[in-house]
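Scroll down for the structure; my scribbles are underneath it.
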């Protein structure tokens with residue numbers, strides 16, 4: 001059985017790529033640092049090209065698509081090579097498309113009712129977004145009691161300082177973040193710095209094991 005998306009790494013980098021030529025070296029730096037699951041958000045015109053390039057040229061990366069909000073985007077990103085899908089929220093139409101895609105997916109939730117609705121539909125792994133604004137660790141801790149079957153990847157407002165607090169929760173498999181991708185490092189194409197920051201983030205797995 002394939003490992004859960006939530007168990008590939010403690011942190012999923014949430015990547016916004018402005019220049020398609022950055023996609024491959026950036027992905028290689030993240031993988032070398034120990035973060036193989038890479039979420040490329042559909043926030044720029046080159047996102048599909050970036051996903052395609054990473055899928056073709058960085059075999060050790062598990063590249064996925066983020067900010068997926070339409071069935072067409074599901075089709076396009078999977079065709080480009082996306083191996084998982086992440087949405088900021090969900091509807092029945094979007095959920096049906098993701099379920100039919102054949103790849104793992106994390107539909108976004110921020111309320112208890114949304115979590116229950118997904119559990120009712122057989123979905124147990126979700127994105128919790130926007131994590132800090134929606135209640136943070138206190139909210140997720142409160143969900144663990146009545147809804148222990150739900151597991152989350154919190155994203156939104158998470159950095160190196162508070163990521164360990166999320167990872168210590170029993171219902172959190174990983175977190176999503178951008179702190180290992182500082183804008184000045186990307187602009188300078190300082191992939192060595194990205195790799196070093198990714199390595200620090202990957203070590204949060206060890207920290208979690210010690211909690």
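The values are calculated or read from the model by the stated rules, or taken from the named source; none is laboratory data. Model, not experiment: these values are computed from the prediction. Cβ placement follows ideal geometry from the backbone for every residue including glycine, while neighbour counts extend to all protein chains displayed.
Across the range 53-64, what is the total count of residues that are closer than 21 Å to residue 105 by Cβ and part of a helix (DSSP H, G or I)? Count: 2.
Only a single criterion out of (1) surrounded by fewer than 23 Cβ atoms within 10 Å (Cβ to Cβ); (2) farther than 22 Å from residue 197 by Cα; (3) in contact (Cβ under 8 Å) with a residue 12 or more places away in the chain is not satisfied by residue 72, namely (3).
Looking across the range 87-121, just one residue is outside any loop (DSSP other than H, G, I, E, B), out of contact with any helix residue (DSSP H, G or I) (no Cβ under 9 Å at 6 or more places or on another chain) and closer than 20 Å to residue 42 by Cβ, and that is 99. The residues on offer are 154, 170, and the sole one that is without any contact (Cβ under 8 Å) to a residue 60 or more places away in the chain, in contact with a helix residue (DSSP H, G or I) (Cβ under 6 Å, 6 or more places away or on another chain) and surrounded by 16 or more Cβ atoms within 10 Å (Cβ to Cβ) is 154.
Residue check: is residue 44 within 22 Å of residue 173 (Cβ to Cβ) and either part of a helix (DSSP H, G or I) or out of contact with any strand residue (DSSP E or B) (no Cβ under 7 Å at 6 or more places or on another chain) (or both)? When the stated conditions are applied, residue 44 does not pass them.
Out of the residues in the range 7-21 meeting the condition of being in contact with a helix residue (DSSP H, G or I) (Cβ under 7 Å, 6 or more places away or on another chain) and outside any strand (DSSP E or B), tell me which one is surrounded by the fewest Cβ atoms within 10 Å (Cβ to Cβ). Residue satisfying both the conditions and the ranking: 20.
Hey, does the range 65-73 have a residue that's assigned to a strand (DSSP E or B) and at pLDDT 95 or above? For the range 65-73, residues assigned to a strand (DSSP E or B) and at pLDDT 95 or above: present. For residue 85, indicate whether it is farther than 26 Å from residue 123 by Cα and under 16 Å from the mean Cα position of the chain (by Cα). The answer is no for residue 85. Is at least one residue of the range 80-100 exposed (fewer than 14 other Cβ atoms within 10 Å of the Cβ) and touching a strand residue (DSSP E or B) at 6+ places or on another chain (Cβ under 6 Å)? Yes, some residue in the range 80-100 is exposed (fewer than 14 other Cβ atoms within 10 Å of the Cβ) and touching a strand residue (DSSP E or B) at 6+ places or on another chain (Cβ under 6 Å). Please determine whether any residue of the range 115-123 is within 18 Å of the chain's Cα centre (by Cα), over 22 Å from residue 138 (Cβ atoms), free of Cβ contacts under 8 Å to residues at least 60 places away in the same chain and surrounded by 14 or more Cβ atoms within 10 Å (Cβ to Cβ). There is at least one residue in the range 115-123 that is within 18 Å of the chain's Cα centre (by Cα), over 22 Å from residue 138 (Cβ atoms), free of Cβ contacts under 8 Å to residues at least 60 places away in the same chain and surrounded by 14 or more Cβ atoms within 10 Å (Cβ to Cβ).
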